[in-house]
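Nothing in this text is a laboratory measurement; each read-out follows from the coordinates by a stated rule. Small disclaimer: the values here were computed from a predicted structure and weren't measured. Neighbour counts are summed over all protein chains in view; Cβ atoms, including those assigned to glycine, are modelled from backbone coordinates with ideal geometry.
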Amino acid sequence: MNMPLPIILIGIIIAMLILANPFMGLVITTLLIPQAILQAFGQSIFGLFTMATPIKIIGGLTFLSAFMKQVLEKRSWAFIKKPQIKFFLLFLMWIYISGFVHPGFATRENFTMFASFFMLAFIILALVNNIRRFKIILWAILSCMFFVSLYSIYGYLASGGTIRISGADYGPNEFAISLLPALAISFYTFFIRKGLAGKMLSLIMSFAIFSALVLTFSRGGLIGFLSMLFIALIKTKRKIITIFLAIVIVAGLANFMPSDFWERIEKTKVEEKMMGDEAIDSTTRRYLLAKAAWQMFLDNPIFGRGIGNYYYECRNYQPISPGRAHNMYLEVAAELGSIGLFFMLGIFFTTLKSLGRIIKNNKEFANYAKGFYVGLFGFFISAIFLHSQQDKILWFMIFMAAALENIAVNNKTAPNKKIARKNRNPQ
């Protein structure tokens, strides 16, 4: 594939800047997350990976630069000791073991994808080491999700309301579940921002992201949103005001939701007697896909059938064409067995637990933690209806939550260290 000389020169300049300052690469990588499936620049890299996309190239350069600085400057590797990171590394190793033992058509793709998540974990935890950098990355992800939401809403209006919006070439359901964490974070930034302009920006972002969520017509997205309202109610101290706001939001949602969505709700029923994909509606097909995942898990309860192998092998358990399970937990259980599911749930629970500690013990960062907690909770509930273990937003949120706890701990211990030094050296 031939590229124009100006593009090559720009790429070289950006690469040099990233190698000199990896944090810049992290910012660019974050901005590209909603556009992660942009058209590839060329063939696979050295024949080992899938097609080379902008986010893979920039993310790879950022990882290389951050790793070199980590080693050469002899920085601390303490972030590896965090429980959710330990579970993630175990999960990653199990994916590779599973892929080598049970190789399939999607094995290499999954290897590449989860290797990129490992690199994302490293660059976030190594580079997002203070609250200033945390805010920059947070606003980067909110800004790009905001603009993708606006772009999608414009597309819906331009079509005369005849489409389900799907973001930057996602499917509508995938777009909906990725919007949930962004919506929660943008909402809680309202309580963090002090100036009127900042608060207004948070509200505008929240409204745009929420509108995009509604226009996906995603039933799983709606359930995830309602679960976010529920957990937000539990976590807030002003329950009466929150209940009132929740009633207003739900009433408004019910009143302004497009009629096409309610038609989708009415059609949510399972007709198990309907056979053949031509006769199966989406709800019944999802039911059969989930049932096939459960049956596959029962056949291989400990080790699973191998990463990426559910897609084609599901037809051996139910009379359906190849597809994904539309349930993250069942698909992981089918492919990676009890061991893989245990590691994944370990990541999720330890992440929520660490965010809970920040909410309880650190008032300065509590609203950041609440946004992540509520957003991840909504994602985890919505994932009951969607295969989302490969969603970049999920892993971005988990690693940013780990970085936030590191910052909160360091911020809390820093004053104590200063006091200790002062006591040791009295004037």
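Summary table below
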read-out	value
Point-to-point label distance, Asn361-Leu226, nm (Cα→Cβ direction, 7 Å offset)	3.6
Peptides 12-19, 176-183 ordered by average Cβ neighbours within 10 Å, highest first	176-183, 12-19
Virtual spin-label span in nm between Leu5 and Asn411, 7 Å along Cα→Cβ	5.0
Bins of 5 Å from zero: percent of alpha-carbon pairs in segment 166-208	5, 24, 24, 18, 13, 10, 5, 1
In sequence order, calculated HN-Hα J values of segment 313-329 (Karplus, 6.51, -1.76, 1.60; Hz; x Gly/Pro)	7, 4, 5, 7, 10, 9, x, 9, 6, x, x, 8, 6, 6, 7, 4, 6
Ranked packing of 217-229, 91-103, most packed first, by mean Cβ within 10 Å	217-229, 91-103
Förster radius 35 Å - calculated FRET efficiency between Ser143 and Gln295 (Cβ-Cβ, nearest 0.05)	0.20
For segment 153-239, projected area of the alpha-carbon convex hull averaged over all directions, nm²	6.4
